[in-house]
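Notes for the one structure printed next.
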Amino acid sequence: MRILEKLAQASAILAGLLMTFITVMTCVSLIGRNTTGTTLAGDFELTGVAAGAAIALFMPWCQLRRGNIIVDFFTAKVSDRINAMLDRFGALLLGLVFAVLAWRTAVGGLNAWSSQSGTMMLGFPEWVVYVAMVPPFILTTIIALYQAATGAEYSDESHA
């Protein structure tokens, strides 16, 4: 689990760097637009591309920390054992969903590569975004399946 934690952490740091890039780029573009009348060409496209990749990169850390939304309205009064079993089943389902997402994203990336599709203004190659999304989807799959198989819980105290 330690290596999965390190990979998820690196993925989240990279996502944070992408979000910082988006923020700085947006500020520069807005300041330029409102002061000198100039703007960064394609800033909207780059924001969309980077945000999509960042969201995918945050997923492994979210799953590791079990940060996904859990609606426990129906399970609030059941035993801890039942809740743990349901959590493991939920992790299994999430792992399967992310396996399908990784597969279909890889197929989409191959299609974008073969067609050489790009964004409208900048012509930024779309396959790059797919390439950035597949590894974190695979990592999220592995983490979720590991949690489903072992019932492993993340704890800040045990990883400090």
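The values are calculated or read from the model by the stated rules, or taken from the named source; none is laboratory data. Since this is a predicted model, take the numbers as computed values, not measurements. Cβ coordinates were reconstructed from backbone atoms using ideal geometry, including for glycine residues, and neighbour counts include every protein chain displayed.
Quick notes on this structure:
- Scanning region 86-144 for residues that are over 18 Å from the mean Cα position of the chain (by Cα), within 20 Å of L57 (Cβ to Cβ) and not in a helix (DSSP H, G or I) yields T119, F124, P125.
- Condition check for Y130: surrounded by 13 or more Cβ atoms within 10 Å (Cβ to Cβ), in contact with a helix residue (DSSP H, G or I) (Cβ under 7 Å, 6 or more places away or on another chain), touching a residue at least 40 places away in the same chain (Cβ under 8 Å) and not small (G, A, S): no
- Residue list for region 1-52, filter: exposed (fewer than 13 other Cβ atoms within 10 Å of the Cβ) and small (G, A, S): G37, A41
- Matching residues in region 3-47 - criterion: being touching a residue at least 40 places away in the same chain (Cβ under 8 Å) and closer than 30 Å to R66 by Cβ: L4, E5, L7, A8, Q9, S11, A12, L14, A15
- Filter pass, I70 being crowded, with 16+ Cβ neighbours inside 10 Å and either within 20 Å of the chain's Cα centre (by Cα) or at pLDDT below 95 (or both): no
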